Amino acid sequence: MTVKPRLVLLGKQGAGKGTQAKSLARHYDIAHLSTGDLFRAQAAAGTAFGLEAKRFMDDGELVPDAIVMGVVEECLAPGGPLADGFILDGFPRNKAQAVELERLLDGSPLHAIVHLDVPREVVVERLSERRVCVKNGAHIYSVVKPPAVLWICDECGGEVVQRDDDNPDSINKRLDTYERDTRPIREFYKASGHKVVTVDGVGENRVVFERLTSAIDAAVV
Ligand code: AMP
């Protein structure tokens, strides 16, 4: 593929967006932006902005749009990290963010919106078992697939822990928020003429990755 795709990856928390977005970014040689990872990194670094975001994250609430858009706008600026193709993971999270993204992308529209589809009962189990690297949230493990040395990240040596928001209350709250705020984004994109493709996210990572690249290759021409 010569064109560097501009993609949005949608899906419930625990659908596998982080893992797949990382592999897709490598495959297509594009940038991976996870707003969640970015907020967690800022919170771990103790910046005012990160600590502000953490208050909402720990409660299972969305971070206010003004904070989110400030970060995304900076990344999308000409010459910024997203200037040469990207996959957005965890953004947009509601219709207002999707509308704002359209405005920021003026002249270089999205190639495809990819919906990674996994039933709620499957993601609840995955989220309860998920463990992540504190140094890099894109390094993801689980109690059934731990790192080789317990609990040290295979990739960067960071400590591997359970995310603060992967507790039963927060998981259910976040999934309810997904249904209310994030699910309708697909209709918004369809209604505005975008290519929206749904990919079955249940199965081994390698198999899901192959489904995703087939769908993206067909959509990005
Ligand atoms: P994630 O890692 O994508 O599950 O995001 C973790 C948490 O970060 C979410 O539960 C929200 O509190 C916050 N967050 C991440 N991305 C966004 C976004 N686009 N809009 C609002 N909040 C976000």
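Bear in mind that the values in this text are calculations on the coordinates, not laboratory data. Note that the coordinates shown come from a computational prediction; the quantities given were computed from them, not determined experimentally. Quick reminder, even Gly has a Cβ in these numbers, built from the backbone with ideal geometry, and neighbours come from all protein chains shown.
A few notes on this one:
- Each label was represented as a point 7 Å from its Cα along the Cα-to-Cβ direction; for residue 105 and residue 121 these points are 3.5 nm apart.
- Computed lengthening from residue 159 to residue 96, 0.36 nm per intervening residue step minus Cα-Cα distance: 19.1 nm
- Here the calculated FRET efficiency for residue 218 and residue 55, from their Cβ-Cβ distance with R0 = 41 Å, stands at 0.50, rounded to the nearest 0.05.
- Protection proxy ranking, peptides 34-43, 106-115, average beta carbon neighbours within 10 Å, highest first: 34-43, 106-115
- Gain on full stretching of the segment that runs from residue 198 to residue 74 - 0.36 nm per residue minus C-alpha separation: 41.7 nm
- With the convex hull of its Cα atoms as the shape, the stretch 34-80 has an orientation-averaged projected area of 3.3 nm².
- Equivalent ellipsoid semi-axes - Cα gyration tensor, the stretch 157-210, angstrom: 27, 20, 10
- Under the criterion of Cα pairs below 8 Å and six or more residues apart, the relative contact order for the stretch 1-143 equals 40 percent.
- Stokes-Einstein diffusion coefficient of the stretch 1-82, Kirkwood radius over Cα pairs, 10 °C, 1.306 mPa s, in µm²/s: 113
- P(r) tail for the stretch 71-221: Cα pairs beyond 29 Å make up 26% of the total.
- Helical mean residue ellipticity (222 nm; -39500 (n - 2.57) per DSSP H run of 4+; nearest 500) of the chain: -13500 deg cm²/dmol
- Per-residue Karplus couplings for the stretch 13-18, computed as 6.51 cos²θ - 1.76 cosθ + 1.60 with θ equal to phi - 60°, are listed in order as 4, x, 6, x, 4, x Hz, Gly and Pro entered as x.
- Over 18 Å apart at the Cα level, from the set 54/145; 17/190; 54/173; 145/173; 95/190, are 54/145; 17/190; 145/173.
- Computed label-point distance, nm, for sites residue 191 and residue 1 using a 7 Å Cα→Cβ extension: 2.8
- Aspartates and glutamates with Cα under 14 Å of residue 135, excluding same-chain neighbours fewer than 8 positions away: 37, 154, 155, 159
- Considering only 51, 104, 150, the mean-square fluctuation computed in a Gaussian network model of the chain, springs between alpha carbons under 10 angstrom, is largest for 150.
- Taking every C-alpha pair closer than 8 Å and separated by at least 6 residues, the mean separation divided by the residue count of the stretch 34-80 gives a relative contact order of 22 percent.
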